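A quick write-up on the structure given underneath.
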Amino acid sequence: MGGVDDEEPALKRMKLSSNGLVGLSNGSSSVEPVRGGLSSDSMARTLPSKEDEQVVGSKGVIKRDEFVRIIAKALYSLGYRKSGERLEEESGIALHSPGVNLFTQQVLDGNWDESVATLRKIGLTDETVVRSASCLILEQKFFELLNREKVMEALKTLREEITPLCNYSSRIRDLSSCIVAPSPKQDVLKVRSRSKLLEELQKLLPPTVMIPEKRLEHLVEQALILQQEACPFHNSMDMMSLYSDHNCGKDLIPSKTVQILEKHDGEVWFVQFSHNGKYLASASNDQTTIIWEVGVNGLSIKHRLSGHQKPIHSVSWSPNDEELLTCGVEECVRRWDVSTDGKEVESWKGQKSLKISDLDITDDEEVILSICKPNTVLLFNRETKVERFIEESQPLTSFSLSKDNKFLLVDLLNQEIHLWNIEGDPMLVGKYKGHQRARYIIRSCFGGLKQAFIASGSEDSQVYIWHRSSGEPIEILPGHSGSVNCVSWNPANPHMLASASDDRTIRIWGLNSLNKKYQNGQSNGIHYCNGGT
């Protein structure tokens, strides 16, 4: 089982030649002790400086007036108007200047000419911003006039007010077409609410003039996301709390064998969960593929697919998970209906050509990915016929495409896994090391919540898991007694991982915190266990 002297089929057992293949300042200032008739305690105590009173927080990096204004803005946004007004009054810090308050009220009241005039008096230094904001206001005036069927006034506004300000002739043509060939339904739709207009204006104006909507919410969300991304074990869909800093433990990583599937009669070379996570397909050198159904009490056999005359080295699910492709070693590709009776639908066997060791296609069916040369992955756009390439210094053995089709995980001969960003020109963004690969094809995968982890098999009979962003190893899972050839993380359950091995078994990994005993422990060739290996 995985020995060096065994007679091995081509793709699985080929021996791959190594030649071929700052600290932050707190912003505070100290004050000299006052000399005179004071006690030693008084002399040791520093007095608050004016600068200290202008900041909040232990690091001295938050400006008090900005902090108060953002809180007041949040109170108003949440509907707590009285509380917002009380905060402004008690702190003596106004949310906005009198000029901005006047401008806001003029926009809400539809006093368009006055609001354009006030816009130039609220401290804007960028003329481009003034012109763009004025155009937005005057367009609102234009559409409201049209909506009230005041066509001549709308035309005058377009000619005399909007056209001199707007630099885009296409926009002028669009507005003119609303007069020449009006569509009543479209005209009504184009009249945005005045509060919506204010939101658009806030995006244009500097935040020092008008505080953006939901600024406090944005800052809090940003802090939570940064904590989440910094957490090496984050793998939970539970809402994060604001009451304490976020910190997950290893118990959220599937690291405990919760089930062992023992129905194959030969080495298991490939496993892959369906897109919906309800099924697992496993392929073996016993020339069969098994479809396992994921249930409350573990995985059980749904179909056994027989028909290949040689070992099966890979499978692929259809987008709707109703069909499965199986590929035999130097044999043929077969298509199966696995949603009903598990019968073979058709097979393809052509003339022998250039051997392609891995192949995939993006979900939009636009880009085909293949290992076209020992060191190269080809990304071919079917529509534009544009070819892009990922070129490595070492031979490739396999690859895996991320769920969002933006990243590619490439397994190399030199016992490294490389992560490539394939949006635009391919860029190497991560490396993962530690597993063993000397003779066989070992496959890796993305997995966990938001695919935040990388998992891989290994010839030392273990499963390796790394944090995707940092590249740090976080778990090594023993249990198999032969080379681990392939791993697959359930896309619908971040706490379920499957591994396939030369020991003829598939292990299902779950959370250490689970203490679940399955029923019918020895039925259907399935061995259930409760944490033991």
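The values are calculated or read from the model by the stated rules, or taken from the named source; none is laboratory data. On a predicted model such as this, the values are computed, not experimentally measured, just so you know. Every residue, glycine as well, gets a Cβ built from its backbone with ideal geometry; the counts of neighbours run over all protein chains shown. Heavy atoms of the whole protein, side chains included, go into the accessibility calculation; ligands, DNA and RNA do not. Shrake-Rupley method; radii C 1.70, N 1.55, O 1.52, S 1.80 Å.
Given their separation in residues at 0.36 nm each and the Cα-Cα distance between them, Glu199 and Glu217 gain 4.9 nm when the chain is fully extended.
The mean accessible area for residues of the range 215-282, using a 1.4 Å probe and ignoring ligands and nucleic acids, is 53 Å² per residue. Given R0 = 60 Å, the distance between the Cβ atoms of Glu330 and Ser176 translates into a calculated FRET efficiency of 0.35.
Each residue of the range 164-176 was assigned a 3J(HN,Hα) from its phi angle through the Karplus expression (A = 6.51, B = -1.76, C = 1.60, θ = phi - 60°), giving x, 8, 7, 8, 9, 5, 5, 5, 4, 5, 4, 5, 5 Hz with x at Gly and Pro. For Glu366 and Lys343, FRET efficiency with R0 = 30 Å and r from the beta-carbon atoms, rounded to 0.05? Between Lys343 and Glu366 the formula returns 0.45. Taking 0.36 nm per residue of separation and subtracting the current Cα-Cα distance, fully stretching the chain between Val61 and Ile476 would add 145.3 nm. Annotation for Ala94 and Ser469: the two label points, set 7 Å from Cα along the Cα-Cβ direction, are 4.1 nm apart.
Evaluating 6.51 cos²θ - 1.76 cosθ + 1.60 at θ = phi - 60° for every residue in the range 491-506, the Karplus couplings come out as x, 9, 9, x, 9, 10, 10, 10, 9, 10, 9, 5, 6, 6, 10, 10 Hz, glycine and proline recorded as x. In this label model, Gln227 and Thr125 are separated by 3.7 nm, measuring between points 7 Å along each Cα→Cβ vector. Of the peptides 381-393, 88-100, 415-427, 326-338, the order by per-residue mean of other Cβ atoms within 10 Å, starting with the highest, comes out as 326-338, 415-427, 88-100, 381-393.
Average accessible surface for the range 343-423: 58 Å² per residue, computed with a 1.4 Å probe over protein heavy atoms with every protein chain in place. Partners of Lys343 within straight-line reach, counting aspartates and glutamates whose Cα lies under 16 Å from its Cα and excluding those fewer than 8 residues away in the same chain: Asp321, Glu322, Glu323.
For the range 254-329, the set of GluC sites (Glu not before Pro) satisfying both a DSSP loop assignment and a count of at most 11 other C-beta atoms within 10 Å is empty. Think of a 1.4 Å ball rolled over the protein heavy atoms: the range 80-201 then has 61 Å² of accessible area per residue. Both radii are taken from the alpha-carbon atoms of the range 187-328; with Rh as the Kirkwood radius, Rg/Rh is 1.25. Please give the residues of the range 444-462, grouped as numeric ranges, whose backbone N is less than 18 Å from a label point set 7 Å along the Cα-to-Cβ vector of Ser513. Flagged as within label range: 448-450. On the range 138-280, 54 percent of the accessible area sits on carbon and sulfur atoms, based on a 1.4 Å probe.
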